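A short write-up of the structure that comes next.
The values are calculated or read from the model by the stated rules, or taken from the named source; none is laboratory data. The shown structure was predicted, so the numbers you read here are calculated from the model rather than taken from an experiment. Positions of Cβ are backbone-derived with ideal geometry, glycine not excepted, and every protein chain shown enters the neighbour counts.
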Amino acid sequence: MAKRIRLALDWTPNTIHTGFYVAASKGYYDDAGLEVEFLLPDADNYTMSPAQKVAADLADLAIVPTESIISFQTKADPVPLVAIATILAKDASAIVTRQDSGITRPAMLDGKRYASYRARFEDAIVQQLVRQDGGRGELDILHPPRLGIWDTLLRNEADATWIFLPWEGIEARLQGVQLNVFQLKDYGIPYGYSPVIAGLESFIRKKKVRKFLKASAKGFLFAKNNPIEAAELLRQAASHATLQQQALVEQSQVFIAQYYFDENGNWGIMQHKVWADFLDWLNETAILSPTEMEKLDIYRLFTNELLEP
């Protein structure tokens, strides 16, 4: 009898998730004796985050940014959420503005409209980005409906927002919208992994989690080596309205393939230095308080032990 794993996605299906859908489509999960159920965020209109679903036992694993791990472990009543694999080996996100806005560097965002997702550390990180480029970090922060945030930039209702380059970046190109791209690493911010697969300490030690990661890695390897075929498998398996535009999915898949595996050809492996540098930066900039820092043990935030050597 197949063992079930409920995986809460961070967004509606897109090329960040391709390896999972490939693994399901090509029978890699079946071969491992697993039945993987994908929990989509639009099913409840994003009312619960993937991490919240895991904490409430509505999901077994969740796709989350590094910040969610830190946030849940620094709550008044800490939740032992642990990262067990990174989906992307390096950061593929950026703060962007339209080129026709004339905002060509982060310092120019002072007084400008930033469309925020209301993530716990998001606004503070973007404000610090502006400061590290010489600005004051004084933004007019907007909170549009989550699914409409990207559109606020396209309609000039916001001046900047945070995007994934392999998705909204490709979408902008297809629409003829040119972007100014500010990646955090280019402004001295050692941003962590985003997204990662996470689960509670009590769940991740189960044998089926290792099997899930091994089968998923096989799916991502297929997606890396066969991006066009993988894009079609994603479209067919997920069968979601957001995947209707074939050119977007294919171009996104080709673009994101470079992010799946590290320079040593490994999928999922996280570097201690990436976690440590991000934590140190959050501490130095006072985005994390001393009390919050005291709650954190870097060796309980993530593990590579469940991945194949």
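So the values come out like this:
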{"quantity": "Boolean, Ile87 is in contact with an Asp or Glu (Cβ under 6 Å, 6 or more places away or on another chain) and among the aliphatic types (A, V, I, L, M)", "calculated": "no"}
{"quantity": "Leading residue by the ranking (surrounded by the most Cβ atoms within 10 Å (Cβ to Cβ)) among those in the range 38-77 that are outside any strand (DSSP E or B), hydrophobic (A, V, I, L, M, F, W, C) and without any contact (Cβ under 8 Å) to a residue 40 or more places away in the chain", "calculated": "Phe72"}
{"quantity": "Verdict on Tyr193 being touching a residue at least 60 places away in the same chain (Cβ under 8 Å), within 30 Å of Pro80 (Cα to Cα), outside any strand (DSSP E or B) and in contact with a strand residue (DSSP E or B) (Cβ under 8 Å, 6 or more places away or on another chain)", "calculated": "yes"}
{"quantity": "Residues (touching a helix residue (DSSP H, G or I) at 6+ places or on another chain (Cβ under 9 Å), assigned to a loop (DSSP other than H, G, I, E, B) and of a type outside the set (Lys, Arg)) located in the range 1-26", "calculated": "Ala2, Leu9, Asp10, Trp11, Thr12, Pro13, Asn14, Thr15, Ile16, His17"}
{"quantity": "Looking only at the range 207-249, and only at residues there that are under 20 Å from the mean Cα position of the chain (by Cα) and of a type in the set (S, T, N, Q), the one that is modelled with the highest pLDDT", "calculated": "Ser216"}
{"quantity": "Subset tally (residues that are touching a helix residue (DSSP H, G or I) at 6+ places or on another chain (Cβ under 9 Å) and surrounded by fewer than 21 Cβ atoms within 10 Å (Cβ to Cβ)) for the range 151-161", "calculated": "3"}
{"quantity": "Residue, modelled with the lowest pLDDT, within the range 7-21, restricted to residues that are among the β-branched types (Val, Ile, Thr) and surrounded by fewer than 24 Cβ atoms within 10 Å (Cβ to Cβ)", "calculated": "Thr12"}
{"quantity": "Subset of the range 267-298 that is without any contact (Cβ under 8 Å) to a residue 60 or more places away in the chain and part of a loop (DSSP other than H, G, I, E, B) - its residue that is nearest to Ser93 (Cα to Cα)", "calculated": "Gln271"}
